[in-house]
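The values are calculated or read from the model by the stated rules, or taken from the named source; none is laboratory data. Since the structure is predicted, the reported quantities are computational estimates derived from the model, not experimental observations. All Cβ positions, glycine included, derive from the backbone under ideal geometry; neighbour counts span all protein chains shown. Note: accessible area is taken over every heavy atom of the protein model, side chains too, but ligands, DNA and RNA are not part of it. Shrake-Rupley method; radii C 1.70, N 1.55, O 1.52, S 1.80 Å.
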Amino acid sequence: MTARSRRPSPPKRVARSKASRIPPASPKGPVIGVAGLGYVGLASALALTHYGRTVVGFDVVEARRKDVARGVVPLYDEGLATELTQSLRSHRLSVVDSVEDLVRAADLILIAVPTPSSESGAVDLSFVRTAALSLGRALAQVSGWRSFVVKSTVVPGSADSVVAPALEEASGRDRGRDFGVGSNPEFLAEGTLVKDALEPSRIVLGVAEPRTEALLRDAYQGFPSPIVVLPVASAELVKYASNALLATKVSFANEIARFAEVLGADVYPVMEAVGLDPRLGPHFLRAGPGFGGSCFTKDLKALLATARDRSVALPVVQAVLEVNEGQARHVVDLAEKAAGPLAGRDVALLGLAFKAGTGDVRESRAYPILGELLKRGASLRLHDPQAGPAFIAGLPPLPASAVGDRVRLADTLEEALTGVDLAIIQVDWSEYRQAPAATWRRLKGKTLLDTRRSVDPEVLRQAGVRYAAVGRGSA
Ligand code: UGA
């Protein structure tokens with residue numbers, strides 16, 4: 001049977017950690033190849049070198065390869081540059097210039113390429129398929145076993161139905177006999193990439209062949225994390241279920257916040273008390289402007305789309321997205337409630353990134369909040385300590401009436417606050433947290449709406465600023 005005509009093999013039941021059934025790994029440990037040196041690929045590569053593995057990296061973008069090879073990180077994240085310098089100095093990390101060199105050098109290849117959203121909300125697997133095809137062509141030129149493991153976030157079933165067939169098609173080899181395919185999802189959050197990569201809460205291995213399991217277990221030797229071994233599609237599902245549950249907690253906190261506002265209660269101590277129940281946990285219960293970032297919205301939409309394809313309804317996930325979409329409008333409703341109608345008023349929007357500690361503006365809630373403020377006739381003064389230019393670059397075309405002075409980027413917090421009628425904090429940057437009463441005095445007699453509980457209300461009281469917050473009623 002030719003590789004081309006073979007159907008993708010169904011996920012097999014996996015032998016669970018029975019050492020006797022797993023072939024011994026080479027004493028030096030596997031050489032690990034990382035295909036894709038974006039933040040996921042790079043942080044994963046650096047963690048593996050940190051624990052003594054040898055890693056070769058490849059990226060299709062030449063500039064990215066050159067940057068990484070000379071120690072330049074693709075984005076700022078705490079500790080990333082230092083780890084990269086150490087990995088290069090120890091020669092545990094090297095960058096190769098071709099996918100052929102990658103497959104020649106490595107026993108285990110992690111695929112960490114982008115998986116953006118398509119217009120329908122489904123995940124676009126074209127980069128993954130293209131990577132698998134080129135890895136497959138390279139596989140055809142070498143002898144011996146290789147395992148290809150998907151790190152990118154892909155909908156359940158993708159490794160089996162997209163990656164394995166592409167590898168077979170391009171290599172003419174057979175999965176299971178000549179090479180393995182698996183899944184090893186990542187749980188890295190921006191801002192804590194290195195910490196999350198070095199100390200993952202769990203390492204999830206989706207495997208269908210004992211050799212792939214053995215290589216992965218060897219790769220992760222020394223990591224201080226529990227290892228969970230699952231069939232491939234189950235491992236892929238862990239990633240989506242995790243992000244969906246985290247997003248659910250945030251939307252739930254935002255829903256309770258809306259009720260707290262009318263009750264005259266404060267959602268923050270309420271959710272802190274809720275989170276003391278160890279069955280619920282304290283994390284991701286902070287109400288705010290809604291969740292942003294490149295992952296939650298994209299992953300939840302992809303989960304809905306893939307479930308819909310299989311005729312499965314996911315009403316909870318649907319509701320989580322709906323609450324999140326409504327939250328920006330709700331923030332602006334709160335602003336009008338606190339400060340009066342916004343038509344013709346000047347508003348400072350403070351914090352444009354999707355969360356503190358990153359310059360990333362993808363899916364930032366500042367975009368829909370800005371859109372809603374413009375719709376209601378306000379003029380905007382924007383500020384962010386990191387993300388100002390990126391935010392402006394990502395703005396969709398504004399209505400003609402909004403061009404010019406209606407949207408301006410301020411260089412400093414002071415400039416943003418001077419002369420405005422209202423300020424809204426969208427990100428809890430430490431610059432806002434630490435700003436003294438003297439800075440806020442520029443808003444004297446006006447209102448600050450804090451969506452993230454960044455500023456001490458007492459500091460605002462000293463400054464003579466009216467205070468409003470998401471999830472805090474005024475009864
Ligand atoms: C998220 C997950 O936390 C990671 O585990 C996952 O690996 C990653 O997505 C991914 O799929 O790649 P990230 O998007 O970097 O990481 O950021 P988070 O810290 O999870 O925050 C997401 C959004 O939720 C932010 O806008 C944040 O401000 C918001 N959030 C978070 C709240 O509004 N309230 C909270 O209590 C927590």
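For this structure, a couple of remarks:
- Pair list, Cβ under 7 Å, 6 or more apart: the range 53-65 residue of a type in the set (Val, Ile, Thr), other residue open to solvent by 70 Å² or more (accessible area, probe 1.4 Å) and not in a strand (DSSP E or B): 54/92; 55/92
- Test: residue 152 is part of a loop (DSSP other than H, G, I, E, B), small (Gly, Ala, Ser) and open to solvent by 40 Å² or more (accessible area, probe 1.4 Å): no
- Of all the listed residues (334, 314), the sole one being under 22 Å from residue 251 (Cβ atoms), more than 15 Å from the ligand (Cβ to nearest atom), open to solvent by 40 Å² or more (accessible area, probe 1.4 Å) and of a type in the set (A, V, I, L, M, F, W, C) is 314.
- Here residue 73 does not fit the description of being touching a helix residue (DSSP H, G or I) at 6+ places or on another chain (Cβ under 8 Å), over 30 Å from residue 301 (Cβ atoms) and either open to solvent by 50 Å² or more (accessible area, probe 1.4 Å) or not small (Gly, Ala, Ser) (or both).
- Residue satisfying all of: in the range 188-222; away from the ligand (no atom under 16 Å from the Cβ), in a loop (DSSP other than H, G, I, E, B) and open to solvent by less than 50 Å² (accessible area, probe 1.4 Å); nearest to residue 40 (Cα to Cα) among these: 220
- Filtered by the rule that a residue be within 16 Å of the ligand (Cβ to nearest atom) and over 22 Å from residue 185 (Cβ atoms), the range 124-154 gives no residues.
- Residues located in the range 43-70, provided they are in a loop (DSSP other than H, G, I, E, B) and surrounded by 15 or more Cβ atoms within 10 Å (Cβ to Cβ): 51, 53, 59, 60
- Hey, residue 458 of a type outside the set (A, V, I, L, M, F, W, C), in a helix (DSSP H, G or I) and under 32 Å from the mean Cα position of the chain (by Cα) or not: no
- Those residues of the range 224-275 which are in a strand (DSSP E or B) and either open to solvent by less than 50 Å² (accessible area, probe 1.4 Å) or within 14 Å of the ligand (Cβ to nearest atom) (or both), in sequence order: 229, 230, 266
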